[in-house]
1. Towards the positive end of the charge dipole of region 80-143, with charges on Cβ (+1 Lys, Arg; -1 Asp, Glu), say which of Gly110, Val133, Ser92 has the farthest Cα.
2. Full extension from Tyr136 to Ala84: what is 0.36 nm times the residue separation minus their Cα-Cα distance, to one decimal in nm?
3. Work out how much length Met101 to Asp67 would gain on full extension: take 0.36 nm times their residue separation and subtract the Cα-Cα distance, in nm to one decimal.
4. Take the Cα of Ser8, step 7 Å along the line toward its Cβ, and report every residue of region 126-140 whose backbone nitrogen sits under 14 Å from that point.
5. If you average 1/r across every pair of different Cα atoms in region 1-67 and take the reciprocal, what Kirkwood value do you get, in Å?
6. For Phe114 and Glu48, what does the FRET efficiency come to when R0 = 30 Å and r is the distance between their Cβ atoms, rounded to the nearest 0.05?
7. Sorted from largest down, give the three principal axis spans of the alpha carbons of the chain, whole angstrom values.
8. Out of Thr77, Val148, Leu53, whose Cα points farthest toward the positive end of the dipole of the chain (charges: +1 Lys, Arg; -1 Asp, Glu; placed on Cβ)?
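Read the figures in this text as sums done on the coordinates, not as results from a lab. Source: prediction; values computed, not measured. Don't worry about glycine lacking a Cβ; one is built from the backbone with ideal geometry, like all the others, and counts go over all protein chains shown.
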Amino acid sequence: MKVVCPGSFDPVTMGHLDIFRRAADQFGEVVVLVTGNPNKQSGLFSLEERMDLIRECTADHPHITVDWWSGLLVDYTTKHGITALVKGLRSSLDYEYELPMAQMNRRLSGVDTFFLFTDPQFGYVSSTLVKEVVKYGGDVSGLLPAPVAKAVETKYHH
């Protein structure tokens, strides 16, 4: 079964990678879907840079591919014949945010959303938080894959 793990992934964290790999173990094939407008820089990394970093970090897992989409998520899943999404949950706040979207996606196209709980070691990690830590010179080793940590450092300090 092919599933989609959607998100902005600006940048991809170790928590994201854990969800991608666990989803691939359970469902077989995972499309990491980077969402956003490719013509508009709206984060630290461009859409292309995010996709390249995810590809580099998942190169050892042949059942994980990377794509992008700028429209409704259900339009992507319908176009590609995908019937399930996988989202990681760090806390009840993530659940409160994700539940209405999961219900709307189900209503619009019948796509189901499966939630995986984040490994506790990554439960506090967010892309926003690690960018903030790097920006002010803090250590994010173990929170970001090495190529991503280097890319974030380069963006902020060069």
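1. Of the candidates, Gly110 comes out farthest on the positive side.
2. Details: separation 52, 0.36 × 52 = 18.72 nm, distance 3.85 nm.
Stretched out fully, the Tyr136 to Ala84 stretch lengthens by 14.9 nm.
3. Numbers: separation 34, 0.36 × 34 = 12.24 nm, distance 2.04 nm.
Fully extending the segment from Met101 to Asp67 adds 10.2 nm.
4. 126-132
5. Working: mean 1/r = 0.0841 Å⁻¹.
That comes to 11.9 Å for region 1-67.
6. Rounded to the nearest 0.05, the efficiency is 0.60.
7. 45, 34, 29
8. Among Thr77, Val148, Leu53, the one farthest towards the positive end of the dipole of the chain is Thr77.
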